[in-house]
Amino acid sequence: EQIEKGGYNHFMLKEIYEQPDAILDTFRGRLLINDAVIKLAGVEDNMKKFLAADRIIVVACGTSWHAGLVSEYIFEDLARIPVEVEYASEFRYRNPVITEKDVVIAISQSGETADTLAAIKLAKSRGAFVFGVCNVVGSSIARETDAGAYTHAGPEIGVASTKAFTTQITVLTLMALRLARAKGTISSSEFRHHLIELETIPDKVKEALESDSYVQTIANIYKDATNFLYLGRGFNFPVALEGALKLKEISYIHAEGYPAAEMKHGPIALIDEQMPVVVIATKKGHYEKVVSNIQEIKSRKGKIIGIVTKGDKNVRELADHVIEVPESLECLTPLLTTIPLQLLSYHIAVMLGKNVDQPRNLAKSVTVE
Ligand code: AGP
């Protein structure tokens, strides 16, 4: 097992560090930068279905559901296709309205999640076209779906999903860009620009990983906190949910993720000097609004850990700590802001002596209801 961990203390840390290569593997043969082309066989072969779709329904659980939420922002922004993101466990029992004009995207690392599999069967029985985004080749979900695209993240052993999440977002971004081009919702120059930016992501993830030792320092300061709040907006709202889930799963610290602007509708009551608040406040998007959310947290004495764009000055003045990530297109920032959140939960769990790779009560894939 020590050999399989490749010199890392835990599979989770190894998998966090594998992300630059995993994303490159996800690109391979699909992101053809010189020709300014994206090739995804499962999408090409079914382009008519995608172009005729009234909407996309994403079904997934846990971290895969968070990747689905990120994709909602990306598909709607780039390809102008309405997207609904559903917990597979709710969808399957809700008697949902599904038609032949719906495209259902099922996202699953393992490809064995019982609820997701049941949601696929239901959608198929009602005539929808079902596309799978799976990591495990030949898994039940990969077999059950009409078509799909593998994430090619390689085996993920740690129960807490890391590289599966970022590669899922990568595949979904490629899909959104391909569909945007086919639908003409982005110009060829915008498309090319997105491809060029996407290609820089593996190196930028590497750069984001350089925050590791500073994240460790922050983990040491807050490891005994009993609650954490994670806030983000837009593309980074689902990243806040994912950051909170990672912390809960492996450190057993209660954490909640919220869209930053929802804070004043309730969670703000929780904020006092005991409450660490992780705020994703990258430039562009809703930056100014998030900065004003940070001011509200500060005036209530919350401890602020800002995830910011490299060189940021405003948040640095207000926050107790800032972790920088490289600048990127707004829609690609989840691939970068996720990294310090994974590291934060990892280091806190290690410092608390928890079983990082096999947290209590959790299984790598939930194959029963
Ligand atoms: C992620 O860290 C979790 N262990 C869990 O939420 C997981 O993402 C979920 O069970 C879905 O699994 P799947 O991607 O294999 O379908």
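The values are calculated or read from the model by the stated rules, or taken from the named source; none is laboratory data. Just so it is clear, the structure is predicted and the values come from calculations on it, not from any experiment. Backbone-built Cβ (ideal geometry, glycine too); neighbour counts: all protein chains shown.
Among the candidates ASP77, ASP35, the residue that is surrounded by fewer than 21 Cβ atoms within 10 Å (Cβ to Cβ) and more than 22 Å from VAL104 (Cβ to Cβ) is uniquely ASP35.
Here is a check on your reading of the model: is ILE201 out of contact with any strand residue (DSSP E or B) (no Cβ under 9 Å at 6 or more places or on another chain) and crowded, with 22+ Cβ neighbours inside 10 Å? Against the criterion (out of contact with any strand residue (DSSP E or B) (no Cβ under 9 Å at 6 or more places or on another chain) and crowded, with 22+ Cβ neighbours inside 10 Å), ILE201 qualifies. Looking at the stretch 149-166, can you tell me whether even one residue there is at pLDDT 95 or above, surrounded by fewer than 21 Cβ atoms within 10 Å (Cβ to Cβ) and in contact with a Ser or Thr (Cβ under 7 Å, 6 or more places away or on another chain)? So far as the stretch 149-166 goes, yes, one or more of its residues are at pLDDT 95 or above, surrounded by fewer than 21 Cβ atoms within 10 Å (Cβ to Cβ) and in contact with a Ser or Thr (Cβ under 7 Å, 6 or more places away or on another chain).
One residue stands out in the stretch 312-343 among those that are of a type in the set (A, V, I, L, M) and over 23 Å from TYR73 (Cβ atoms): the one that is surrounded by the fewest Cβ atoms within 10 Å (Cβ to Cβ), namely LEU318. If you check ALA106, ALA119 for being within 19 Å of TYR93 (Cβ to Cβ), in contact with a helix residue (DSSP H, G or I) (Cβ under 9 Å, 6 or more places away or on another chain), assigned to a strand (DSSP E or B) and within 13 Å of the ligand (Cβ to nearest atom), only one passes: ALA106. May I ask you to verify whether LYS48 is away from the ligand (no atom under 16 Å from the Cβ), free of Cβ contacts under 8 Å to residues at least 24 places away in the same chain and either in a helix (DSSP H, G or I) or in contact with a Gly (Cβ under 6 Å, 6 or more places away or on another chain) (or both)? So LYS48 fits the description; yes.
Scoring ILE81 on the criteria (1) within 16 Å of the ligand (Cβ to nearest atom); (2) aliphatic (A, V, I, L, M); (3) outside any helix (DSSP H, G or I) leaves a single failure, condition (1).
Within the stretch 301-323, the set of residues being over 21 Å from LEU344 (Cα atoms) and touching a helix residue (DSSP H, G or I) at 6+ places or on another chain (Cβ under 7 Å) comprises just one member, ASN314. Surrounded by fewer than 22 Cβ atoms within 10 Å (Cβ to Cβ), of a type in the set (Asp, Glu), touching a residue at least 40 places away in the same chain (Cβ under 8 Å) and away from the ligand (no atom under 12 Å from the Cβ) - does that describe any residue in the stretch 175-197? Yes, the stretch 175-197 contains at least one residue that is surrounded by fewer than 22 Cβ atoms within 10 Å (Cβ to Cβ), of a type in the set (Asp, Glu), touching a residue at least 40 places away in the same chain (Cβ under 8 Å) and away from the ligand (no atom under 12 Å from the Cβ). Within the stretch 54-78, being in a loop (DSSP other than H, G, I, E, B) and either on the phi > 0 side of the Ramachandran plot or free of Cβ contacts under 8 Å to residues at least 60 places away in the same chain (or both) holds for one residue alone: ASP54. Yes or no: GLY158 within 13 Å of the ligand (Cβ to nearest atom), closer than 26 Å to SER328 by Cβ and more than 16 Å from the chain's Cα centre (by Cα)? Judged against the criteria, GLY158 is a match. In the set (1) polar (S, T, N, Q); (2) in contact (Cβ under 8 Å) with a residue 60 or more places away in the chain; (3) surrounded by fewer than 22 Cβ atoms within 10 Å (Cβ to Cβ), the condition left unmet by ASN227 is number (2). Say whether the condition of being over 16 Å from ILE339 (Cα atoms) and of a type in the set (Phe, Trp, Tyr) is met by at least one residue in the stretch 272-292. Scanning the stretch 272-292, I find at least one residue that is over 16 Å from ILE339 (Cα atoms) and of a type in the set (Phe, Trp, Tyr), so the answer is yes.
Close contacts from the stretch 148-164, counting a first residue that is farther than 16 Å from HIS10 by Cβ and without any contact (Cβ under 8 Å) to a residue 24 or more places away in the chain and a second that is hydrophobic (A, V, I, L, M, F, W, C) and assigned to a loop (DSSP other than H, G, I, E, B), with Cβ to Cβ under 7 Å and a gap of 6+ residues or different chains, come to TYR150/VAL137.
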